[in-house]
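The values are calculated or read from the model by the stated rules, or taken from the named source; none is laboratory data. Just so we're clear, the structure is a prediction, and the values are computed from it rather than from any experiment. Virtual Cβ from ideal backbone geometry, glycine too; neighbours counted across all protein chains shown. Protein only, heavy atoms only, side chains kept; ligands, DNA and RNA dropped before computing areas. Shrake-Rupley method; radii C 1.70, N 1.55, O 1.52, S 1.80 Å.
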Amino acid sequence: MKTRIARENGNVETRAGSRGWSAVARWFADGFLTCPFPPVVGVEWSLMVLPDQLTRNPSPDAGGGGGLAPGGGTDMKLAAMLGASSVQIGLETRTKEETLRAMLDAVAQTRPLTSSEALGDILARERAGGTVLLQGDVRIAVPHASTRACKQMLLAVATSASGVPWDEDGRSARLFFLLIGPAEAHALYLRLLTRIARLCQDETLVQSLLKAETPQQVIDLMAAGETTLEDLPPGAEMPSFCVLGAGHGGLAMAGHLALLGCRVNLFNRTWERIEPIHARGGIEVTGEVEGFAALNLATADPAQAVDNVDILMAVLPASAHRDIARIVAPHLKDGQILILNPGRTGGALEVTRVIRQVNPGVRAFVAEAQTLLYAARTTNPGQVHVFGIKNSVPVAALPAYATTDVLAILRRALPQFVPGDNILKTSLDNIGAVFHPAITLLNAGRIEDTHGDFEFYVQGVTPAVARVLEAIDRERVNVASALGIRAHTAREWLYLAYDAAGKTLYDAMRANAGYSGIKAPGTVLQQYITEDVPASLVPLASIGEMFRVPTPTIRAMIDLASAMHGVDYWAEGRTVEKLGIKGMSLRELRFMVVGADPGVADTQKPAAKA
């Protein structure tokens, strides 16, 4: 591709092959401060692309491969980001700030957005160097910024019949594209800026947008204009993912990552659960982030799912960790990363043992998250509602010294993940062990009577129930202390994860807006017991017994769950024998976790992209 960039006082011609437009987008994103010629604030730009290049297909190695039904893939269309409320016809604002405020307020009607913060970030970007495109005699303003005011890329479009003064000389713009997004979506941010610039080369389209009488006409015109543009592959800066599991959390994670611009494969052990996703080409996401998340692949074939991805995110019940490890282990490659979301208690230990048994020659990396990043619920097949995204979730690798390398790749897409000390810390900071089983068991009658028609974390947690949770929490913290680990209390965790504060655990849970609207499970035969008792409470009690820490409340919950389900969870659970740590001294256990055990330590590094 040959790209010519002209400005009023000179011409610069770039011959950059297929990456020419990526360079243009980077200049936009940098406010023209990194151009190979002197920066000019508020300058007009005219970008011209040779017409015969507009329909070129991406090269086979571009990284945007398919595998889904028609409509699938990882390319994001501008028209698909718009709704009736985010398109404004005939704005009558008189200043740049009024225009930006009106466009942001329109987006905030249907998307989670802190408008005032976004406005400040855009104005700061505009002061550093605004972006104005020129198509004939029409000036097109493209205000944009990276911001913490939203958690996904957001787009608004507006037109003005009389124009709005946009630069210091008072020259007016009549067409406006406002683009904002979080820092972790930087690669997608650049791609979308590129696409806006490409669309604005079509003079007929620009004139038609200015004449449009309804928001839907604008959306339809942009959709038609985009059909002539090649798909833009995912940015090389972003890691590629395989999400293992298509439950509540799996759909939330796959959808969020795809909306951030990552190439995402979705794997489920049974085809029926992902068939609707395959048919549509992706996931419909609502809530904290919103939009249609196009996936690269939805499959029940583990070899296809795992092939050529950087990170595998296992988002499924802990009771399935052993099984999923057996399934993917034959297909793992050196340097790939497998992260348990979450590991519950002892997950990384269990999965590492399975991988060594099945594929002893591979040098993949296993890590575990302390909790699930999302509070989410599936609403219909292929649809998920994200109630909340946590501010920070610790991740630790086995061995511990690999954590830095793992996070260096993971945080390119999800900066909410932060370093955990080691897998003992993430395992013992397992807050699901405190909340899930006890709330379910102590509300068993209400669950069976109403089929879960009440708010689990709000109505299900009375002051009396909260006192039981606090007793379980104290025992968990005591077990951690015996291992030399300073575990966060549940109340501290609520503040760190959700900014929810309170003098008591009951108060803190009531202060957490992210819990509002989450219904109780419809039955007591559910993973809050079938997963969290054997994979969280049993290892806590077993480790406590090994190191002589009393856990009477935890043991009572295990016994009650066993009686309620007619299952011996002591026999099924992750005991110290099954974790392979029975009889270890504290010193031996901690050495193994940090990598002092020659069988664990390895000099291999994860396969990060350049």
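The set of residues from the range 399-416 being hydroxyl-bearing (Ser, Thr, Tyr) and in contact (Cβ under 8 Å) with a residue 24 or more places away in the chain comprises TYR401, THR403.
Here's the yes/no breakdown for (1) at pLDDT 95 or above; (2) surrounded by 24 or more Cβ atoms within 10 Å (Cβ to Cβ); (3) more than 30 Å from LEU407 (Cβ to Cβ):
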| position | (1), (2), (3) |
| --- | --- |
| GLN217 | yes, no, yes |
| GLU230 | no, no, yes |
| PRO234 | no, yes, no |
| LEU244 | yes, yes, no |
| LEU259 | no, yes, no |
| ARG269 | yes, no, no |
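Within the range 570-580, how many residues turn out to be assigned to a loop (DSSP other than H, G, I, E, B) and modelled with pLDDT of 90 or more? Looking only at that region, the number is 3.
Matching residues to (1) in contact with a Gly (Cβ under 6 Å, 6 or more places away or on another chain); (2) among the acidic types (Asp, Glu):
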site: GLY502; (1), (2): no, no
site: LEU505; (1), (2): no, no
site: ALA511; (1), (2): yes, no
site: PRO521; (1), (2): yes, no
site: GLU531; (1), (2): no, yes
site: ILE543; (1), (2): no, no
site: MET546; (1), (2): no, no
site: VAL549; (1), (2): no, no
site: ALA556; (1), (2): no, no
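As a summary of the residue check, ALA185 satisfies the conditions (1) free of Cβ contacts under 8 Å to residues at least 60 places away in the same chain; (2) of a type in the set (A, V, I, L, M, F, W, C); (3) within 29 Å of THR228 (Cα to Cα) except for the one numbered (1). All conditions but one from (1) part of a helix (DSSP H, G or I); (2) touching a residue at least 40 places away in the same chain (Cβ under 8 Å); (3) open to solvent by less than 10 Å² (accessible area, probe 1.4 Å) apply to TYR506; the one that does not is (3). Looking only at residues of the range 479-503 that are charged (D, E, K, R) and not in a loop (DSSP other than H, G, I, E, B), we find that the one that is farthest from ILE447 (Cα to Cα) is GLU492. The sole residue among PRO342, PRO330 that is in a loop (DSSP other than H, G, I, E, B) and either open to solvent by 20 Å² or more (accessible area, probe 1.4 Å) or of a type outside the set (Phe, Trp, Tyr) (or both) is PRO342.
Taking the stated definitions as given, is THR204 at pLDDT below 90 and under 22 Å from ALA223 (Cβ atoms)? Here the answer is no, as THR204 does not meet what is asked. Taking the conditions (1) at pLDDT below 95; (2) more than 30 Å from PRO360 (Cβ to Cβ) in turn, PRO606 satisfies each one other than (2). Checked against the criteria, SER172 does not count as surrounded by 18 or more Cβ atoms within 10 Å (Cβ to Cβ), polar (S, T, N, Q) and in contact with a Lys or Arg (Cβ under 9 Å, 6 or more places away or on another chain). Screening the range 185-300 for helices (runs of 4 or more DSSP H) wholly inside it with 2 or more residues that are of a type in the set (S, T, N, Q) returns the ranges 203-211, 215-226. Put simply, of VAL549, VAL533, VAL567, VAL538 the only residue that is part of a loop (DSSP other than H, G, I, E, B) and either open to solvent by less than 10 Å² (accessible area, probe 1.4 Å) or within 27 Å of GLY247 (Cα to Cα) (or both) is VAL567.
Filtering the range 287-307 to residues that are touching a Ser or Thr at 6+ places or on another chain (Cβ under 8 Å) and either surrounded by 20 or more Cβ atoms within 10 Å (Cβ to Cβ) or at pLDDT below 95 (or both) leaves GLU290, ALA294, LEU295, ASN296, ALA305.
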